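The structure appears right after this line, and notes come after that.
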Amino acid sequence: MKLRTLAYAATVVLITACLPKPDVITDQNNEFSWSQLEGKTVVVNYFAEWCAPCLRELPELNEFNSHKPENVELVGVSFDPMSNNELAELKKRHGIEFQLALMDPAPAFPFQRPQMLPATYVIKPDGTVKGPLMGEQDLESLESAINSH
């Protein structure tokens, strides 16, 4: 009986170890692997609490998130390193209604980290990246970005 349990546990560990690790895990337990977007468009918005334009665009991002098509995901990314608990507190403090990339494990994006904020990227289903779109985004600019070819 113990041998069977041990063999089962070893099999589970081996299978899990062979699965590809996601590039991004969000606070809503969504996982993204850029090589397997499966028809999704992913909008990635970098922000910081000290960035006034970033905070001003949060209501627009919340609005976009509530009206986006089903094949579109919005992921916020803190520009500043912080623990997952600090990220959860920041989300609550600023009323962020969209998913945020967890900092642990560190996310991996198919583009360079922006040098200025706010910065938004659009990753198309074919893996191409549009952006960075610099400055505050609004509902109209976000919808235009996801619909452009």
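The values are calculated or read from the model by the stated rules, or taken from the named source; none is laboratory data. Predicted model, so just to flag it, every value in this text is computed and none were measured. Note that each Cβ is placed from the backbone with ideal geometry, even for glycine, and that neighbours are counted across all protein chains shown.
Of Ile96, Ile123, which residue is without any contact (Cβ under 8 Å) to a residue 40 or more places away in the chain and surrounded by 15 or more Cβ atoms within 10 Å (Cβ to Cβ)? Explain how you work it out, then say what you get.
Details: Ile123 fails: without any contact (Cβ under 8 Å) to a residue 40 or more places away in the chain.
Unique residue meeting the criteria: Ile96.
Restricting attention to the range 34-66, which residues are of a type in the set (S, T, N, Q) and either farther than 17 Å from Ala101 by Cα or touching a Lys or Arg at 6+ places or on another chain (Cβ under 8 Å) (or both)?
To start, the set of residues in the range 34-66 that are of a type in the set (S, T, N, Q) comprises 35-36, 41, 45, 62, 65-66.
Within the range 34-66, Ser35, Gln36, Thr41, Ser66 meet the criteria.
Within the range 129-140, identify whether any single residue is more than 16 Å from Ile25 (Cα to Cα) and either hydroxyl-bearing (Ser, Thr, Tyr) or assigned to a helix (DSSP H, G or I) (or both), and answer yes or no.
Yes, some residue in the range 129-140 is more than 16 Å from Ile25 (Cα to Cα) and either hydroxyl-bearing (Ser, Thr, Tyr) or assigned to a helix (DSSP H, G or I) (or both).
Which one of these does Arg113 not meet: (1) without any contact (Cβ under 8 Å) to a residue 24 or more places away in the chain; (2) closer than 21 Å to Ala52 by Cβ; (3) surrounded by fewer than 15 Cβ atoms within 10 Å (Cβ to Cβ)?
Among (1) without any contact (Cβ under 8 Å) to a residue 24 or more places away in the chain; (2) closer than 21 Å to Ala52 by Cβ; (3) surrounded by fewer than 15 Cβ atoms within 10 Å (Cβ to Cβ), Arg113 violates only (1).
Yes/no matrix, rows are residues, columns are (1) surrounded by 11 or more Cβ atoms within 10 Å (Cβ to Cβ); (2) modelled with pLDDT of 90 or more; (3) under 24 Å from Ala145 (Cα atoms):
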{"position": "Val24", "(1), (2), (3)": "yes, yes, yes"}
{"position": "Leu37", "(1), (2), (3)": "yes, no, yes"}
{"position": "Val44", "(1), (2), (3)": "yes, yes, yes"}
{"position": "Phe64", "(1), (2), (3)": "yes, yes, yes"}
{"position": "Val75", "(1), (2), (3)": "yes, yes, yes"}
{"position": "Ser83", "(1), (2), (3)": "yes, yes, no"}
{"position": "Lys91", "(1), (2), (3)": "yes, yes, no"}
{"position": "Phe109", "(1), (2), (3)": "yes, yes, yes"}
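Quick check: is even one residue across the range 64-80 in contact with a helix residue (DSSP H, G or I) (Cβ under 8 Å, 6 or more places away or on another chain), assigned to a helix (DSSP H, G or I), closer than 17 Å to Leu139 by Cα and aromatic (Phe, Trp, Tyr)?
Yes.
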